[in-house]
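K.L.:
So that we are looking at the same thing, I have put the structure below in structure tokens.
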Amino acid sequence: MSSRVPAFVEARRSIRSFLPESVPRPVIDGFVEAACLAPAPHHSRPWRWVVVDTADGKERLAAGMGARWRADLGNDGVDAARVDELVDASHRKITGAPTIVLGCLTWDGLDRYPDADRQRAEWGMALLSLGAAVENLMLAAADAGLASCWVAAPIFCPEAARDALDLPEEWLPHACVLVGHPDPAYVGRVRPPIPLDDLRARR
Ligand SMILES: Cc1cc2nc3c(=O)[nH]c(=O)nc-3n(C[C@H](O)[C@H](O)[C@H](O)COP(=O)(O)O)c2cc1C
């Protein structure tokens, strides 16, 4: 990686395997506070955070999202054995993480528009802000020597994730971050080099 990249940015990797040891709640709260320093439109704070660190919470979340994914895969025509394999692996991933931080979006502080295009753009801004917040959270975890991995699942089924955890109706889960102590045996993918000239233009 280029020496122009700050080391703390390069140090964050998606780590998908954890030691069983739990992460103290105040430590996770520090990461959530870091998330809440993210830029957000109109000085809003459209995100809400749910720390899922109980066996019951993880099971409910995994089962709720899994049921929805199972139905979607069935509708896609995926064969039953493959559906079981995918849904079971996802279930193990979620229930096996010491802590899950669920990033939710609300309309709190966002503008409302009479037309669908601007309404969609406004929600898009909130989503961008949630992404920035999740990156803050993961950078803070990496800085503390902890592992994290962003899991896409809830963005495909926000209502199922919300209802599985009995969250308020207006809290819509969009990002799921697994957090824990890194399994030293885990080997991550080698990061491909950044083809800067393909990814960056100048005018
Ligand atoms: C929105 C989003 C969704 C992701 N979903 C998943 C996921 O469902 N499962 C997973 O293992 N990794 C997921 N990742 C992690 C990416 O695979 C990972 O960031 C990418 O491969 C780059 O690796 P790095 O994070 O180690 O730099 C997701 C990342 C983002 C930003």
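K.L.:
Tell me which residues, restricted to segment 90-119, are more than 17 Å from the chain's Cα centre (by Cα) and exposed (fewer than 15 other Cβ atoms within 10 Å of the Cβ).
P.N.:
Asp108, Gly109, Asp111, Arg112, Tyr113, Pro114, Asp115, Ala116, Asp117, Arg118
Yes/no per residue for (1) in a loop (DSSP other than H, G, I, E, B); (2) more than 16 Å from the ligand (Cβ to nearest atom):
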residue	(1), (2)
Asp111	yes, yes
Ala126	no, no
Ala141	no, no
Cys149	no, no
Glu159	no, yes
Asp166	yes, yes
Ala175	no, no
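K.L.:
Looking at the structure I just gave you, is Arg68 basic (Lys, Arg) and farther than 21 Å from Val32 by Cβ?
P.N.:
So Arg68 passes the test.
K.L.:
Follow-up. Criterion first (under 16 Å from Ala35 (Cβ atoms) and within 13 Å of the ligand (Cβ to nearest atom)) does Pro182 satisfy it?
P.N.:
no
K.L.:
Would you tally the residues in segment 168-195 being over 19 Å from Ala89 (Cα atoms) and open to solvent by less than 30 Å² (accessible area, probe 1.4 Å)?
P.N.:
Number of matching residues: 2.
The values are calculated or read from the model by the stated rules, or taken from the named source; none is laboratory data. It should be emphasised that the depicted structure is a prediction, and the values quoted were computed from it without experimental measurement. In this analysis, Cβ positions are derived from the backbone assuming ideal geometry, glycine residues included, and neighbour counts consider all displayed protein chains. These accessible areas exclude ligands, DNA and RNA; they are computed on the full protein's heavy atoms, side chains included. Shrake-Rupley method; radii C 1.70, N 1.55, O 1.52, S 1.80 Å.
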